[in-house]
């Protein structure tokens with residue numbers, strides 16, 4: 001009897017675990033579908049022929065597979081030129097962000113000076129305060145910049161200056177990431193560098209920064225993606241630019257003007273194809289650097 005009861009408990013336990021695993025799998029699949037369904041829809045629509053739009057049997061898999069949408073989007077976005085310009089813009093600003101915000105984060109993490117807490121509070125404020133609240137002063141500042149009242153609007157110099165002074169796009173978040181990462185590194189490695197005769201800057205360059213590779217990759221990815229997708233700063237300070245986000249917003253109207261096609265669903269297919277072309281580099285970069293990106297987030301204490 002006792003053996004029978006033990007066997008029953010064993011089977012009941014296995015049944016409960018199986019049921020729990022099935023419920024977890026259903027939840028995970030549902031969440032993944034919610035997250036991935038827009039991307040799946042973009043990929044599907046990018047390769048649909050216009051005739052598939054009126055076919056009620058077509059849902060995700062195109063019946064008349066075509067690459068014409070990709071070709072039209074490629075041409076009307078001037079994709080190669082736009083991609084080179086956008087990559088140069090985003091990579092350059094990402095490098096500046098890493099250089100400047102890592103130094104500031106290292107200073108907040110390792111040095112104690114009067115006003116340290118107050119200054120870091122201002123850094124946090126730049127994270128939570130929307131940039132739209134001070135867009136007018138920012139615009140006026142670069143329209144009459146400095147004592148010579150230089151007009152820097154329409155020039156990338158305005159955005160570069162913001163990054164060089166540590167107040168560029170999401171700079172407060174990058175400073176916070178580096179500060180948290182450097183605080184987690186043992187002080188013994190700095191002390192060893194000092195014993196070997198290294199100065200403050202030499203310790204930062206040769207010892208601390210090489211140990212902060214996950215944070216560097218995290219900030220680089222964040223900065224690259226946000227500059228790649230940014231329309232606020234670029235439209236406000238560099239109107240008329242031909243970066244990826246701006247060209248993506250114009251691809252539908254450009255295709256309509258060139259072909260005189262009035263079918264809005266056909267135009268939407270071209271827009272979907274443009275989106276696919278635009279997000280492809282981001283997905284490739286993330287897949288290659290995913291491990292370092294996740295490690296950097298974990299060690300910097302960012303959750304959610």
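The values are calculated or read from the model by the stated rules, or taken from the named source; none is laboratory data. Please read these numbers as outputs of a predicted model, since none were measured by experiment. Every residue, glycine as well, gets a Cβ built from its backbone with ideal geometry; the counts of neighbours run over all protein chains shown.
In the set 84, 63, only one residue is within 24 Å of the chain's Cα centre (by Cα) and surrounded by fewer than 13 Cβ atoms within 10 Å (Cβ to Cβ); that residue is 84. Residue count for segment 214-243, restricted to those that are assigned to a helix (DSSP H, G or I) and closer than 26 Å to residue 102 by Cβ: 20.
Contact map, segment 141-152: first residue touching a residue at least 24 places away in the same chain (Cβ under 8 Å), second residue exposed (fewer than 13 other Cβ atoms within 10 Å of the Cβ), Cβ cut-off under 8 Å, separation 6 or more or different chains; pairs are 142/151. Of the numbered criteria (1) surrounded by 17 or more Cβ atoms within 10 Å (Cβ to Cβ); (2) within 24 Å of residue 68 (Cβ to Cβ), the one residue 249 fails is (1).
Table: residues versus (1) in contact with a helix residue (DSSP H, G or I) (Cβ under 6 Å, 6 or more places away or on another chain); (2) over 20 Å from residue 104 (Cβ atoms).
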| residue | (1), (2) |
| --- | --- |
| 167 | no, no |
| 178 | yes, no |
| 209 | no, no |
| 215 | yes, no |
| 231 | yes, yes |
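Among the residues making up segment 42-60, those that are within 21 Å of residue 283 (Cβ to Cβ), touching a helix residue (DSSP H, G or I) at 6+ places or on another chain (Cβ under 8 Å) and surrounded by 13 or more Cβ atoms within 10 Å (Cβ to Cβ) are 42, 43, 45, 46, 47, 48. Listed by first and then second residue, the pairs with beta-carbon distance under 9 Å, at least 6 apart or on different chains, first residue in segment 64-93 and assigned by TED's automatic domain parsing to the domain that holds residue 282 and assigned to a helix (DSSP H, G or I), second modelled with pLDDT of 90 or more and loosely packed, with under 15 Cβ neighbours inside 10 Å, are 74/80. For segment 134-146, a residue qualifies if it is surrounded by fewer than 15 Cβ atoms within 10 Å (Cβ to Cβ) and not in a helix (DSSP H, G or I), and the qualifying residues are 144, 146.
Does residue 101 count as at pLDDT 90 or above, over 20 Å from residue 241 (Cα atoms) and in the same structural domain as residue 205 (by TED's automatic domain parsing)? Against the criterion (at pLDDT 90 or above, over 20 Å from residue 241 (Cα atoms) and in the same structural domain as residue 205 (by TED's automatic domain parsing)), residue 101 qualifies. Entry remark, segment 17-43: residues being more than 24 Å from the chain's Cα centre (by Cα) and under 25 Å from residue 252 (Cα atoms) number 0 in total.
Do the conditions hold for residue 224, that is, is it under 18 Å from residue 90 (Cα atoms) and either in contact with a strand residue (DSSP E or B) (Cβ under 9 Å, 6 or more places away or on another chain) or modelled with pLDDT of 85 or more (or both)? Answer is yes for this residue.
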